[in-house]
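To start, the structure itself, in structure tokens.
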Amino acid sequence: MCCSYIDVMDFIEEEDIKFIRLSFVDIAGIQKNISIMPSELKRAFTDGIAFDASSIYGFGDEVSSDLFLKPVAQTIQILPWRPDQGRVARMFCGIYKPDGTPFELDSRRLLKEAVDAAKKKGITFNFGAEFEFYLFKRDENGCDTKIPFDNAGYMDNAPEDKGEDVRRDICFTLLNMDIMPESSHHEMGPGQNEIDFKYSDAITSADNAVTFKKVVASVSDVNGLCADFSPKPLPEKSGSGLHINMSVKSTDGKDHSRGMLAGILAHVAEMTAFLNPCEESYKRLGRDKAPKYITWSHENRSQLVRIPAAKGEYRRLELRSPDPTVNPYVAYALLIRAAMDGIENGLEPPEPQNVNLYIAPESVTKQLKLLPGSYEAAAELARNSEFIKQNIPLGFLR
């Protein structure tokens, strides 16, 4: 692992790297980058590389538009889909103001602060992600369409499932970038796929989530397809979710899972604007295995949070409402803050709902709390939430 500028320069020489992409994300979690030559790396590490922040979504206007990128040495990765000669590498960066202070809308820094605050209390969290996405055909001009790549169903095989070769290429690319995919399969919708990757610490997992979407888009493009991560690309078909798996460990050896669960359930409505950050997100909730009630139980996929059947290191909770349009750094930061509130204040979760909430009678559902039903309602909850105000700049609201 590269830990310093010297390590990075040695790696670049050994691997014949000619271009370095300095990467970051906007408030929506969309990856951005500026490419530099190796000769500029020393300046990047010491002074930073300037960019026009006014042209980045959510970063401000032209009045104070200069920001600087400083690379994080440990994140350097070769991009396998680029040429082998004159290779291209990527590093995630911190974002700084001209006076050297951190930029408040640097979402990777936001997550690091949440991680560090939890570590001071002897607690660490791991995250895993289960991404669903659609593969659509392109027309004769190479433009994106909404025509599914196949008409297969859940966990079908070839020849009905035409996406298995694409998923295989995606998984091999991830492995080449030291990201470990756990499983992949065709999902319920036509042309819909799912790939899950192994849990990691919070920051690595968020980096991996951003990288994953870029890998899927790049591999799909090579195969003449377009990848769609929107939550409801086909109105009458299954929506796409991002199931977030989360586990907790502590230096005192205590099991804090119950407090983690309680804190997340207590604050999930306030966090929904960041977990489901576009209006289309709310067309999915309440259907397509995307629960709308603030409930939990073991194994039950109709619940907002389920505790999967697992043993040892794989014990975790799974939050089922988010979709792939989340900014993973923001989502993970808020989940850590909510979990810590539950742990530190001894919160208790409600009783589990061991019923199928998709078909449960009104006598059951009318007593249950609901997630907000629109982005406007979710954003209003966030704006009025003391929990949100204490833990995240409202500038992250889209």
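The values are calculated or read from the model by the stated rules, or taken from the named source; none is laboratory data. Predicted model, so just to flag it, every value in this text is computed and none were measured. All Cβ positions, even for glycine, are placed from backbone atoms using ideal geometry, and neighbour counts span all protein chains on display. Side chains are part of the model used for accessible areas, which takes the heavy atoms of the whole protein and leaves out ligands, DNA and RNA. Shrake-Rupley method; radii C 1.70, N 1.55, O 1.52, S 1.80 Å.
Some values worked out for this structure:
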read-out	value
Residues listed by number, the stretch 134-174, amide nitrogen under 19 Å from D84 label point at 7 Å toward C-beta	169-170, 172-174
Karplus-derived HN-Hα couplings along the stretch 89-100 (A = 6.51, B = -1.76, C = 1.60, θ = phi - 60°), whole Hz, x at Gly and Pro	10, 10, 10, 6, 10, x, 10, 10, 7, x, 7, x
Percent carbon-and-sulfur accessible area, the chain, ignoring ligands, DNA and RNA, probe 1.4 Å	49 percent
The stretch 108-155, relative contact order [Cα under 8 Å, separation at least 6], %	20 percent
P(r) tail fraction, the stretch 43-109 - alpha-carbon pairs more than 20 Å apart, %	37 percent
Cα-Cα over 22 Å, subset of K112/K289; K292/K366; K42/K70; K32/K214; K146/K237	K112/K289
Inter-label distance for Q390 and D10, nm, one decimal - labels placed 7 Å from Cα along Cα-to-Cβ	4.5 nm
Percent breakdown of C-alpha pair distances by 5 Å bin, ordered from the shortest bin, for the stretch 203-259	4, 14, 14, 16, 17, 11, 8, 7, 5, 3, 0
Distance in nm between pseudo-label sites at K97 and Q31 (7 Å out along the Cβ direction from Cα)	3.0 nm
The chain: most fluctuating residue of I264, I359, I336 per GNM, C-alpha cutoff 10 Å	I359
Separation between Cα centres of the stretch 136-169 and the stretch 243-287, rounded to whole Å	31 Å
Rounded to whole Å, sorted largest first: equivalent-ellipsoid semi-axes of the stretch 347-398, Cα gyration tensor	29, 15, 8
The chain, relative contact order [Cα under 8 Å, separation at least 6], %	16 percent
Cα-centre dipole for the chain with unit charges at Cβ (Lys and Arg positive, Asp and Glu negative), debye to 20	840 debye
Cα lying deepest toward the dipole's positive end in the chain, options F136, L175, G263, charges on Cβ	G263
Candidate aspartates and glutamates for bridging to K249, where Cα separation is under 13 Å - those fewer than 8 sequence places away on the same chain excluded	D201, E313
Mean ellipticity per residue at 222 nm, deg cm²/dmol - from DSSP H runs of n ≥ 4 across the chain, formula -39500 (n - 2.57)	-9500 deg cm²/dmol
Hydrodynamic radius (Kirkwood) for the chain, which is based on Cα pairs only, to one decimal in Å	22.0 Å
Å² of accessible area per residue within the stretch 57-192, as computed with a 1.4 Å probe and no ligands counted	49 Å²
Mean separation of Cα contacts under 8 Å, 6 or more apart, over the residue count of the stretch 180-327: relative contact order %	22 percent
